[in-house]
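Heads up, the thing below is written out as structure tokens.
The values are calculated or read from the model by the stated rules, or taken from the named source; none is laboratory data. Remember, predicted model here, so these are calculated numbers, not experimental data. Because the Cβ atoms are built from the backbone with ideal geometry, glycine has one as well, and the counts that use them run over all protein chains shown. These accessible areas exclude ligands, DNA and RNA; they are computed on the full protein's heavy atoms, side chains included. Shrake-Rupley method; radii C 1.70, N 1.55, O 1.52, S 1.80 Å.
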Amino acid sequence: NVVHRVVFGQERAHEVSRDYWKWKDRLVECEHILLRVLGFQMHVIHPHQYFLYLVRELEGSEALASAGWALLNDSFRCTLTLQYNPESIACAALYLAGEVTSQQVSREGEWWTRFGVHKADIEDICHQILDVYDQSSDEIG
């Protein structure tokens, strides 16, 4: 009912009925299944610290860092942290920030190899981050 109030404002809230309890129990059941599938491993290492290290190491600009930081924040709207290590996500965010801001990340060719990241992973991560924006624009429009 709290979420309903936030989303729908003054519209009348749902009454607490048998259907309400049925849906609540079903939701809790689904949450338990999800936790079991994840092996109760809910600790996620955020890629932000690696990203800051990359920006410093590669002497990236403030604009590049700001764009990459925003991309990292938006990446939490998908399942990247469950699929890739934080170093790969950080490299991909920096790569994508370079593309978005039209700035060169590094004079080195494939700078991400210095950090043990593969080009294929960067490309997949970038596509998934961009898909977040596509989904958001679909929801708006």
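Summary of values
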{"read-out": "Yes/no for PHE76 being among the hydrophobic types (A, V, I, L, M, F, W, C), open to solvent by 10 Å² or more (accessible area, probe 1.4 Å) and under 30 Å from LEU38 (Cβ atoms)", "value": "yes"}
{"read-out": "Any hit, segment 82-96, residues being of a type outside the set (Val, Ile, Thr) and exposed (fewer than 12 other Cβ atoms within 10 Å of the Cβ)", "value": "yes"}
{"read-out": "Count - residues of segment 43-68 that are within 11 Å of the chain's Cα centre (by Cα) and crowded, with 17+ Cβ neighbours inside 10 Å", "value": "1"}
{"read-out": "Matching residues in segment 40-80 - criterion: being in contact with a Pro (Cβ under 7 Å, 6 or more places away or on another chain) and among the aromatic types (Phe, Trp, Tyr)", "value": "TYR50"}
{"read-out": "Qualifying residue in segment 127-138 (condition: within 15 Å of LEU64 (Cα to Cα) and either charged (D, E, K, R) or over 19 Å from the mean Cα position of the chain (by Cα) (or both))", "value": "no"}
{"read-out": "Residue satisfying condition, being of a type in the set (Phe, Trp, Tyr), modelled with pLDDT of 80 or more and not in a helix (DSSP H, G or I), within set PHE51, PHE40", "value": "PHE40"}
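Quick grid of which residues meet (1) aromatic (Phe, Trp, Tyr); (2) in a helix (DSSP H, G or I); (3) within 23 Å of HIS118 (Cβ to Cβ):
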residue: VAL16; (1), (2), (3): no, no, no
residue: VAL28; (1), (2), (3): no, yes, no
residue: THR81; (1), (2), (3): no, yes, yes
residue: SER88; (1), (2), (3): no, yes, yes
residue: ALA92; (1), (2), (3): no, yes, yes
